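Data block below; observations after.
The values are calculated or read from the model by the stated rules, or taken from the named source; none is laboratory data. Only a predicted model underlies this, so the values are computations on that prediction, with no experimental measurement involved. Quick reminder, even Gly has a Cβ in these numbers, built from the backbone with ideal geometry, and neighbours come from all protein chains shown. Areas reflect the complete protein model, heavy atoms only, side chains present, ligands, DNA and RNA absent. Shrake-Rupley method; radii C 1.70, N 1.55, O 1.52, S 1.80 Å.
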Amino acid sequence: MKQIPQHVAIIMDGNGRWAKKQGFATRVRGHEIGVEALRRAATGAAELGIRYLTVYAFSEENWQRPKAEVDALMNILMTSLSKELPVLQENGIRLHAIGNLDALPSKARRQLDATRKATAGNERMVLTLALSYGSRQEILGAVQQIARQAANGELQPEALTEADIAQALWTHDLPDPELVIRTSGEQRISNFLLWQISYAEFVFLPVLWPDFSKEDLVEALEQYAGRERRLGKTSEQLTA
Ligand code: FPP
């Protein structure tokens, strides 16, 4: 493939519909099988040379789901983090997380910290889980931090740069994604990385997340490679 993005972000959607379609009584089975799809996506991305993969695992808005589903998702998070550690290690994947992580149950938070520590030396790819994540909340936090600095006289408002804003976001140590993939056929952003995706390409795939395969990832990358990323310039300027 002629052009592999450095950073791919995925909105993993369709777990509930998948469970219903398969005849399972609860949506939770879709989330459980969704972990297997995430394993395929992460190992596939690492093999394809993607350096950063960020996945929307639990949104700020997802806290409003029925308690049984929220509890099940938190349990899936905890068990998967320990169960999948060998996969992360074998594939050189460093685990990272962004979001309002303080809102997670303390057991999940501890497990997350342990997995981050255990994989800190891995250099092939960074897998970032967006957990209790909301982009507007992230931007609000950044604005509050910057406003405090301005109020303390540490920063002149006129001197503020885009880089200062990026630095105040949860994603400060990640490059901006060049490609966003959303599964399940829905075509919306759902409060995901609003600042960071300013120049990203979007690929919407009909596949429900639990069915996502490495071939689907390759399909998205092929669509991306076929796009002309002009970034505001003209086509002629790019070829000159
Ligand atoms: C969206 O499908 C998916 C989620 C809200 C959760 C994504 C979680 C995983 C893939 C499993 C890994 C989980 C963690 C926490 C690491 P949906 O439930 O909105 O599906 P629907 O749109 O068909 O109802």
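Any idea what the relative contact order of the chain is, in percent, if you count C-alpha pairs under 8 Å spaced at least 6 apart?
28
Treating cross-link reach as a plain straight distance, find the lysines whose alpha-carbon is under 26 Å from the alpha-carbon of LYS117, omitting any fewer than eight places away in the same chain.
Cross-link targets: LYS83, LYS107.
For region 34-120, what's the relative contact order in percent, using C-alpha pairs closer than 8 Å and at least 6 residues apart?
Numbers: 42 pairs, mean separation 25.6, N = 87.
Dividing the mean separation by the residue count of region 34-120 yields 29 percent.
Please give the FRET efficiency for VAL87 paired with TYR199, using the beta carbon to beta carbon distance and R0 = 25 Å, rounded to the nearest 0.05.
For R0 = 25 Å, the calculated efficiency reads 0.20.
Past 24 Å, Cα to Cα: identify those pairs from LYS20/LYS67; LYS67/LYS214; LYS21/LYS214, in the order given.
Numbers: LYS20/LYS67 19 Å; LYS67/LYS214 32 Å; LYS21/LYS214 22 Å.
LYS67/LYS214, as the Cα separations exceed 24 Å there.
State, to one decimal in nm, how far the label point of ARG227 lies from the label point of GLN187, with both points 7 Å from Cα in the Cβ direction.
Placing both labels 7 Å beyond Cα along the Cβ direction yields 1.3 nm.
Taking the Cα atoms of region 1-154, report the difference between the largest and smallest coordinate on each principal axis, in whole Å and largest first.
Ordered largest first, region 1-154 gives principal extents of 59, 41, 32 Å.
Please sort through the DSSP H helices of the chain and keep those with an alpha-carbon extent of at least 27 Å along the long axis and a Kyte-Doolittle average not below -0.5.
Working: long enough: 28-48 (30 Å, 0.02).
Counting only whole DSSP H runs, the qualifying helices are 28-48.
What number does region 159-240 give for Rg over Rh if you use C-alpha atoms and the Kirkwood radius? It would help to have the intermediate numbers written out before the result.
Numbers: Rg = 15.4 Å, Rh = 14.9 Å.
That ratio equals 1.04.
First compute the accessible area of region 33-145 with a 1.4 Å probe, then give the percent of it belonging to carbon and sulfur atoms. Intermediate values should be presented prior to the final figure.
On the way: 2640 of 5140 Å².
So the carbon and sulfur contribution to the accessible surface is 51 percent.
Quick check for you: with a 1.4 Å probe and neighbouring chains kept, what is the accessible area per residue of the chain, in Å²?
51
Extent of region 66-130 along each principal axis, from alpha carbon coordinates, in Å, largest to smallest?
37, 21, 16
Can you list which of the GluC sites (Glu not before Pro) found in region 203-232 are DSSP loop residues with at most 12 other C-beta atoms within 10 Å?
Passing sites in region 203-232 are GLU228.
Where does the chain land at 222 nm, in deg cm²/dmol rounded to the nearest 500, when only DSSP H runs of n ≥ 4 count, each adding -39500 (n - 2.57), divided by all residues? Before the final figure, lay out each step's value.
Numbers: 9 runs with 105 residues, N = 240.
Theoretical 222 nm ellipticity from helices: -13500 deg cm²/dmol.
Of all GluC sites (Glu not before Pro) in region 43-149, which ones are in loop regions per DSSP and have a Cβ with at most 15 other Cβ atoms within 10 Å?
GLU123
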